[in-house]
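The values are calculated or read from the model by the stated rules, or taken from the named source; none is laboratory data. Note that the structure is a prediction, hence the values are computed from the model and not measured. Backbone-built Cβ (ideal geometry, glycine too); neighbour counts: all protein chains shown. Quick note on the areas: whole protein, heavy atoms, side chains included, nothing else; ligands and nucleic acids left out. Shrake-Rupley method; radii C 1.70, N 1.55, O 1.52, S 1.80 Å.
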Amino acid sequence: MTIETAFTRTFDLRHPIMLAPMDKVAGGELAAAVSAAGGLGVIGGGYGDPDWVERAFQAAGNQRVGVGFITWSAQRNPAAVERALAHDPAAFMVSFGDAEDLISAAQERGIPTIWQVQRLAHAEQALKASVDVIVAQGQEGGGHGMDRGLMSLLPAVRDLAGGDAIVLAAGGIADGRGLAAALMLGADGVMLGTRFWACTEAQGSEIAKSAIVEARGDNTVRSKVFDVLRGVDWPWHYTGRVVRNTVLDQWHDNIEGLKARAEDARAAYDASDPDDLSTRVLIAGEAVDLIRSVEPAETIMSDISAEAERLLASAAARFTK
(Lines give C-alpha, C1' and ligand atoms only; values in the text may rest on other atoms or scores of the structure.)
Protein backbone atom coordinates (compact mmCIF):
# COMPACT_ATOMS: atom_id res chain seq x y z
CA MET A 1 0.00 0.00 0.00
CA THR A 2 0.96 3.65 -0.40
CA ILE A 3 0.05 6.20 2.22
CA GLU A 4 -1.86 9.06 0.65
CA THR A 5 -3.26 11.94 2.68
CA ALA A 6 -4.41 15.50 2.20
CA PHE A 7 -0.83 16.53 2.98
CA THR A 8 0.75 14.38 0.26
CA ARG A 9 -1.89 15.42 -2.29
CA THR A 10 -1.61 19.14 -1.54
CA PHE A 11 2.19 19.23 -1.74
CA ASP A 12 2.56 16.45 -4.34
CA LEU A 13 4.63 14.18 -2.06
CA ARG A 14 5.39 10.47 -2.12
CA HIS A 15 5.72 10.28 1.66
CA PRO A 16 3.73 12.11 4.39
CA ILE A 17 6.93 13.35 6.01
CA MET A 18 8.19 16.89 6.53
CA LEU A 19 11.63 17.98 7.70
CA ALA A 20 11.59 20.15 10.81
CA PRO A 21 13.35 23.48 10.13
CA MET A 22 16.11 22.90 12.70
CA ASP A 23 18.24 25.99 13.17
CA LYS A 24 21.70 25.57 11.55
CA VAL A 25 21.05 21.82 11.04
CA ALA A 26 18.37 21.83 8.34
CA GLY A 27 20.44 23.55 5.68
CA GLY A 28 19.83 23.57 1.96
CA GLU A 29 21.49 20.20 1.35
CA LEU A 30 19.31 18.36 3.88
CA ALA A 31 16.12 20.15 2.81
CA ALA A 32 16.84 19.33 -0.83
CA ALA A 33 17.56 15.67 0.01
CA VAL A 34 14.25 15.29 1.85
CA SER A 35 12.34 16.89 -1.02
CA ALA A 36 14.16 14.75 -3.59
CA ALA A 37 13.23 11.65 -1.59
CA GLY A 38 9.53 12.54 -1.77
CA GLY A 39 8.95 14.51 1.41
CA LEU A 40 8.73 18.21 2.18
CA GLY A 41 12.19 19.58 2.90
CA VAL A 42 12.27 22.78 4.93
CA ILE A 43 15.27 25.03 5.53
CA GLY A 44 15.83 26.09 9.13
CA GLY A 45 15.66 29.87 8.97
CA GLY A 46 15.99 29.87 12.75
CA TYR A 47 16.57 33.22 14.37
CA GLY A 48 16.64 35.11 11.07
CA ASP A 49 20.15 35.43 9.65
CA PRO A 50 19.52 36.64 6.07
CA ASP A 51 22.95 35.60 4.77
CA TRP A 52 22.59 32.07 6.19
CA VAL A 53 19.11 31.78 4.67
CA GLU A 54 20.45 32.88 1.29
CA ARG A 55 23.28 30.35 1.39
CA ALA A 56 20.84 27.60 2.34
CA PHE A 57 18.59 28.32 -0.64
CA GLN A 58 21.61 28.31 -2.91
CA ALA A 59 22.69 24.96 -1.49
CA ALA A 60 19.22 23.54 -2.19
CA GLY A 61 19.76 24.11 -5.90
CA ASN A 62 16.72 23.47 -8.05
CA GLN A 63 14.84 21.39 -5.48
CA ARG A 64 11.59 22.87 -4.20
CA VAL A 65 12.02 23.44 -0.47
CA GLY A 66 10.24 25.37 2.23
CA VAL A 67 11.63 27.57 4.98
CA GLY A 68 10.74 27.96 8.64
CA PHE A 69 11.41 30.67 11.21
CA ILE A 70 11.23 31.23 14.96
CA THR A 71 8.38 33.72 14.97
CA TRP A 72 9.40 36.18 17.68
CA SER A 73 12.97 36.41 16.35
CA ALA A 74 11.99 36.61 12.68
CA GLN A 75 9.81 39.60 13.49
CA ARG A 76 12.96 41.35 14.68
CA ASN A 77 14.79 40.41 11.46
CA PRO A 78 12.39 41.21 8.59
CA ALA A 79 15.21 41.18 6.02
CA ALA A 80 15.64 37.43 6.47
CA VAL A 81 11.93 36.83 5.97
CA GLU A 82 11.86 38.98 2.85
CA ARG A 83 14.93 37.19 1.50
CA ALA A 84 13.24 33.83 2.05
CA LEU A 85 9.89 34.84 0.55
CA ALA A 86 11.67 36.17 -2.54
CA HIS A 87 12.72 32.58 -3.29
CA ASP A 88 9.06 31.55 -3.59
CA PRO A 89 9.52 28.60 -1.19
CA ALA A 90 7.37 25.49 -1.31
CA ALA A 91 6.04 26.45 2.12
CA PHE A 92 6.59 29.10 4.79
CA MET A 93 6.52 27.89 8.39
CA VAL A 94 6.33 29.78 11.69
CA SER A 95 6.43 28.72 15.32
CA PHE A 96 6.65 30.27 18.80
CA GLY A 97 4.62 33.45 18.93
CA ASP A 98 1.80 35.44 17.34
CA ALA A 99 2.57 35.08 13.66
CA GLU A 100 -0.38 36.63 11.84
CA ASP A 101 1.78 39.29 10.17
CA LEU A 102 4.28 36.75 8.85
CA ILE A 103 1.52 34.44 7.65
CA SER A 104 -0.17 37.31 5.80
CA ALA A 105 3.08 38.27 4.08
CA ALA A 106 3.45 34.74 2.73
CA GLN A 107 -0.20 34.43 1.76
CA GLU A 108 -0.03 37.67 -0.21
CA ARG A 109 2.62 35.99 -2.39
CA GLY A 110 0.59 32.79 -2.78
CA ILE A 111 3.01 30.73 -0.67
CA PRO A 112 1.52 27.84 1.36
CA THR A 113 1.73 28.49 5.11
CA ILE A 114 2.44 26.25 8.10
CA TRP A 115 2.02 27.17 11.77
CA GLN A 116 3.38 24.95 14.55
CA VAL A 117 1.29 25.00 17.73
CA GLN A 118 1.72 23.80 21.29
CA ARG A 119 -1.69 24.73 22.68
CA LEU A 120 -5.27 24.63 21.42
CA ALA A 121 -5.37 28.41 21.70
CA HIS A 122 -2.45 28.54 19.25
CA ALA A 123 -4.33 26.24 16.90
CA GLU A 124 -7.32 28.58 17.04
CA GLN A 125 -5.04 31.46 16.02
CA ALA A 126 -3.67 29.44 13.13
CA LEU A 127 -7.14 28.50 11.92
CA LYS A 128 -8.30 32.13 12.05
CA ALA A 129 -5.25 33.05 9.98
CA SER A 130 -6.33 30.45 7.37
CA VAL A 131 -3.03 28.61 7.32
CA ASP A 132 -2.65 25.63 5.02
CA VAL A 133 -1.08 23.30 7.59
CA ILE A 134 -1.08 23.10 11.38
CA VAL A 135 1.71 21.19 13.14
CA ALA A 136 0.77 19.90 16.60
CA GLN A 137 4.02 19.78 18.59
CA GLY A 138 4.29 17.55 21.65
CA GLN A 139 6.73 18.19 24.47
CA GLU A 140 8.63 15.00 23.56
CA GLY A 141 10.36 16.78 20.68
CA GLY A 142 13.86 18.21 20.72
CA GLY A 143 14.46 21.92 20.92
CA HIS A 144 11.98 24.53 22.03
CA GLY A 145 8.38 23.80 22.85
CA MET A 146 5.95 23.62 25.73
CA ASP A 147 4.65 20.94 28.06
CA ARG A 148 1.74 19.08 26.42
CA GLY A 149 2.23 15.51 25.26
CA LEU A 150 1.50 14.65 21.65
CA MET A 151 -0.80 11.71 22.44
CA SER A 152 -3.61 13.98 23.68
CA LEU A 153 -2.70 17.25 21.93
CA LEU A 154 -2.80 15.82 18.41
CA PRO A 155 -6.38 14.44 18.42
CA ALA A 156 -7.56 17.56 20.23
CA VAL A 157 -6.08 19.74 17.47
CA ARG A 158 -7.68 17.48 14.86
CA ASP A 159 -11.09 17.79 16.53
CA LEU A 160 -10.73 21.56 16.70
CA ALA A 161 -9.51 21.92 13.12
CA GLY A 162 -12.09 19.61 11.57
CA GLY A 163 -11.64 16.91 8.99
CA ASP A 164 -10.70 19.11 6.04
CA ALA A 165 -7.70 20.85 7.63
CA ILE A 166 -4.19 19.48 7.17
CA VAL A 167 -2.65 18.56 10.53
CA LEU A 168 0.84 17.18 11.08
CA ALA A 169 2.30 15.59 14.21
CA ALA A 170 5.67 16.46 15.75
CA GLY A 171 7.48 15.34 18.87
CA GLY A 172 8.95 11.95 19.71
CA ILE A 173 8.51 10.42 16.24
CA ALA A 174 11.45 8.72 14.54
CA ASP A 175 10.20 5.55 12.86
CA GLY A 176 7.28 3.98 11.02
CA ARG A 177 5.53 3.10 14.24
CA GLY A 178 5.34 6.77 15.12
CA LEU A 179 4.08 7.69 11.67
CA ALA A 180 1.39 4.99 11.77
CA ALA A 181 0.32 6.03 15.27
CA ALA A 182 0.16 9.70 14.30
CA LEU A 183 -2.05 8.88 11.32
CA MET A 184 -4.41 6.90 13.58
CA LEU A 185 -4.55 9.84 15.99
CA GLY A 186 -5.75 12.09 13.19
CA ALA A 187 -2.62 13.45 11.55
CA ASP A 188 -2.11 13.76 7.80
CA GLY A 189 1.63 13.25 8.22
CA VAL A 190 4.56 13.92 10.52
CA MET A 191 7.31 16.49 10.94
CA LEU A 192 10.63 14.97 12.00
CA GLY A 193 13.55 16.78 13.58
CA THR A 194 15.85 14.62 15.70
CA ARG A 195 15.74 11.68 13.27
CA PHE A 196 17.02 13.96 10.51
CA TRP A 197 19.72 15.39 12.80
CA ALA A 198 21.34 11.94 12.56
CA CYS A 199 21.34 12.21 8.78
CA THR A 200 24.18 12.24 6.27
CA GLU A 201 23.08 15.55 4.73
CA ALA A 202 22.44 17.40 8.01
CA GLN A 203 24.73 20.30 8.82
CA GLY A 204 26.81 19.62 11.90
CA SER A 205 29.74 17.56 13.05
CA GLU A 206 30.00 13.80 12.88
CA ILE A 207 30.69 13.84 16.62
CA ALA A 208 27.31 15.44 17.28
CA LYS A 209 25.54 13.01 14.95
CA SER A 210 27.18 10.05 16.67
CA ALA A 211 26.13 11.49 20.02
CA ILE A 212 22.51 11.53 18.84
CA VAL A 213 22.77 7.82 18.03
CA GLU A 214 24.34 7.06 21.41
CA ALA A 215 21.96 9.23 23.48
CA ARG A 216 18.94 7.92 25.37
CA GLY A 217 15.58 9.56 25.84
CA ASP A 218 15.86 9.17 29.61
CA ASN A 219 18.83 11.51 29.46
CA THR A 220 16.97 14.38 27.77
CA VAL A 221 15.36 17.21 29.69
CA ARG A 222 13.54 20.46 29.03
CA SER A 223 15.60 23.36 30.30
CA LYS A 224 16.41 27.07 30.03
CA VAL A 225 20.13 26.67 30.73
CA PHE A 226 21.38 26.93 27.17
CA ASP A 227 19.16 29.90 26.36
CA VAL A 228 21.03 31.79 29.08
CA LEU A 229 24.45 30.48 28.02
CA ARG A 230 23.87 31.40 24.38
CA GLY A 231 22.35 34.77 25.25
CA VAL A 232 19.09 34.02 23.45
CA ASP A 233 16.10 35.82 24.93
CA TRP A 234 13.41 33.15 24.57
CA PRO A 235 9.95 33.92 26.00
CA TRP A 236 9.71 32.42 29.48
CA HIS A 237 7.05 29.81 28.67
CA TYR A 238 9.19 27.97 26.08
CA THR A 239 11.84 25.50 27.20
CA GLY A 240 14.27 23.51 25.08
CA ARG A 241 14.66 19.73 25.19
CA VAL A 242 18.36 18.84 25.16
CA VAL A 243 20.66 15.98 26.14
CA ARG A 244 21.97 16.33 29.67
CA ASN A 245 25.62 17.22 30.11
CA THR A 246 27.96 18.55 32.79
CA VAL A 247 27.05 22.20 32.33
CA LEU A 248 23.31 21.52 32.33
CA ASP A 249 23.54 19.43 35.50
CA GLN A 250 25.44 22.28 37.16
CA TRP A 251 22.81 24.93 36.43
CA HIS A 252 19.48 23.23 35.63
CA ASP A 253 18.09 23.74 39.14
CA ASN A 254 19.69 27.15 39.61
CA ILE A 255 18.72 29.28 36.65
CA GLU A 256 18.74 32.47 38.71
CA GLY A 257 22.26 31.71 39.85
CA LEU A 258 23.29 31.20 36.25
CA LYS A 259 21.72 34.50 35.25
CA ALA A 260 23.67 36.23 38.01
CA ARG A 261 26.90 34.88 36.49
CA ALA A 262 25.73 35.03 32.90
CA GLU A 263 28.59 37.09 31.49
CA ASP A 264 31.35 34.79 32.77
CA ALA A 265 29.35 31.65 32.00
CA ARG A 266 28.73 32.77 28.41
CA ALA A 267 32.40 33.60 27.90
CA ALA A 268 33.39 30.11 29.07
CA TYR A 269 30.74 28.51 26.89
CA ASP A 270 31.81 30.45 23.79
CA ALA A 271 35.47 29.58 24.42
CA SER A 272 34.78 25.85 24.56
CA ASP A 273 35.33 23.49 21.62
CA PRO A 274 32.11 23.21 19.56
CA ASP A 275 32.44 19.41 19.74
CA ASP A 276 32.87 19.41 23.53
CA LEU A 277 29.41 18.04 24.28
CA SER A 278 30.06 18.04 28.00
CA THR A 279 29.74 21.82 27.66
CA ARG A 280 28.00 22.60 24.35
CA VAL A 281 24.31 22.01 23.83
CA LEU A 282 23.10 18.92 21.97
CA ILE A 283 19.49 19.52 21.02
CA ALA A 284 17.52 16.30 20.70
CA GLY A 285 14.15 14.78 21.53
CA GLU A 286 13.06 11.68 23.41
CA ALA A 287 13.04 9.73 20.13
CA VAL A 288 16.84 9.30 20.31
CA ASP A 289 16.09 5.82 21.72
CA LEU A 290 14.81 4.85 18.27
CA ILE A 291 17.78 6.17 16.28
CA ARG A 292 20.49 3.57 15.77
CA SER A 293 22.53 4.89 12.86
CA VAL A 294 23.30 7.92 10.72
CA GLU A 295 21.66 7.40 7.33
CA PRO A 296 21.00 9.36 4.11
CA ALA A 297 17.68 11.20 4.00
CA GLU A 298 16.38 8.93 1.24
CA THR A 299 16.95 5.83 3.39
CA ILE A 300 15.31 7.40 6.42
CA MET A 301 12.27 8.41 4.38
CA SER A 302 11.79 5.08 2.65
CA ASP A 303 12.34 3.01 5.80
CA ILE A 304 9.86 5.00 7.87
CA SER A 305 7.19 4.98 5.19
CA ALA A 306 7.63 1.26 4.45
CA GLU A 307 7.34 0.35 8.12
CA ALA A 308 4.21 2.47 8.56
CA GLU A 309 2.67 0.96 5.44
CA ARG A 310 3.27 -2.58 6.71
CA LEU A 311 1.81 -1.79 10.11
CA LEU A 312 -1.30 -0.12 8.74
CA ALA A 313 -1.88 -2.88 6.18
CA SER A 314 -1.67 -5.63 8.82
CA ALA A 315 -3.48 -3.83 11.66
CA ALA A 316 -6.91 -5.34 11.09
CA ALA A 317 -5.63 -8.90 10.94
CA ARG A 318 -3.42 -8.36 13.96
CA PHE A 319 -5.99 -6.95 16.33
CA THR A 320 -9.34 -8.37 15.20
CA LYS A 321 -10.78 -11.83 14.66
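For Cα pairs less than 8 Å apart in space and 6+ apart in sequence, what is the mean separation divided by the residue count of the chain, i.e. the relative contact order in percent?
It comes to 18 percent, rounded to a whole number.
Using only DSSP helix segments of four residues or longer, with each worth -39500 (n - 2.57), what per-residue ellipticity at 222 nm results for the chain after dividing by its residue count and rounding to 500?
-12500 deg cm²/dmol
One quarter of the convex hull surface, Cα atoms only: what value does that give for the chain in nm²?
Convex hull of Cα atoms, orientation-averaged projection: 15.9 nm².
Take every Cα pair under 8 Å in segment 55-180 that's 6+ residues apart, average their separations, divide by the length, and report that relative contact order as a whole percent.
Values: 193 pairs, mean separation 22.3, N = 126.
This gives 18 percent for segment 55-180.
Using θ = phi - 60° and the Karplus relation 6.51 cos²θ - 1.76 cosθ + 1.60, list the HN-Hα couplings for segment 218-232 in order, rounded to whole Hz, with x at every Gly or Pro.
3J(HN,Hα) across segment 218-232, in whole Hz: 4, 9, 9, 7, 8, 8, 10, 4, 7, 5, 5, 5, 8, x, 9.
Ordered by packing density, taken as the mean number of other Cβ atoms within 10 Å over each peptide's residues, highest first, how do 4-12, 67-75 rank? Each step should come with its number before you reach the end.
Values: 4-12: 16.2, 67-75: 24.1.
Descending mean neighbour count gives 67-75, 4-12.
Using a cut-off of 13 Å between beta-carbons, work out the net charge of the residues near Gly48 (Lys and Arg +1, Asp and Glu -1, Gly48 not included).
-2
Can you tell me which of 259-272, 300-313 comes out highest on packing, and rank the rest after it, using the mean Cβ neighbours within 10 Å?
300-313, 259-272
Could you let me know the centre-to-centre spacing of segment 163-237 and segment 40-101, using Cα atoms, in angstrom?
Result: 19 Å between the Cα centres.
Report ³J(HN,Hα) in whole Hz for each residue of segment 242-258, in order, from the Karplus equation J = 6.51 cos²θ - 1.76 cosθ + 1.60 where θ = phi - 60°; Gly and Pro get x.
Those phi angles translate into 9, 7, 4, 8, 4, 5, 4, 4, 5, 10, 3, 9, 9, 4, 5, x, 5 Hz.
Rounded to the nearest whole Å², what accessible area per residue is found for the chain with the 1.4 Å probe?
Using a 1.4 Å probe on heavy atoms only, each residue of the chain averages 43 Å².
Give me the percent of DSSP beta bridges within the chain that run antiparallel, rounded to the nearest 5. Intermediate results must be reported in sequence, preceding the final value.
Working: 8 of 37 bridges.
Once the DSSP bridges in the chain are tallied, antiparallel ones form about 20 percent.
From the backbone phi of segment 306-321, what are the Karplus-calculated ³J(HN,Hα) couplings (6.51 cos²θ - 1.76 cosθ + 1.60, θ = phi - 60°) in whole Hz, Gly and Pro given as x?
Residue by residue, segment 306-321 yields 5, 5, 4, 4, 5, 5, 5, 5, 9, 4, 5, 5, 6, 10, 10, 10 Hz.
For Lys209, which aspartates and glutamates qualify as cross-link partners when the Cα separation must be under 14 Å and same-chain residues fewer than eight apart are set aside?
Here the aspartates and glutamates satisfying the reach criterion relative to Lys209 are Glu201, Asp275, Asp276, Asp289, Glu295.
Near Lys224, which lysines are there with a Cα under 21 Å away, not counting those fewer than 8 places off in the same chain?
Those lysines meeting the cut-off are Lys24, Lys259.
Could you list which residues have their amide H under 5 Å from that of Met93, counting only those 5 or more apart in sequence or on another chain, with H placed in the peptide plane?
Val67, Gly68, Phe69, Ile114
Carbon and sulfur together cover what percent of the accessible area of segment 239-290 at a 1.4 Å probe radius?
Carbon and sulfur together cover 45 percent of it.
I want to verify a result. In a Gaussian network model of the chain, Cα cutoff 10 Å, which of these has the top mean-square fluctuation: Gly45, Gly176, Gly162?
Maximum fluctuation in the GNM of the chain, among the listed residues, is at Gly162.
Round to a whole number: what % of the accessible area of segment 96-200 belongs to carbon and sulfur, probe 1.4 Å?
Taking all protein chains in place, segment 96-200 shows 50 percent carbon and sulfur surface.
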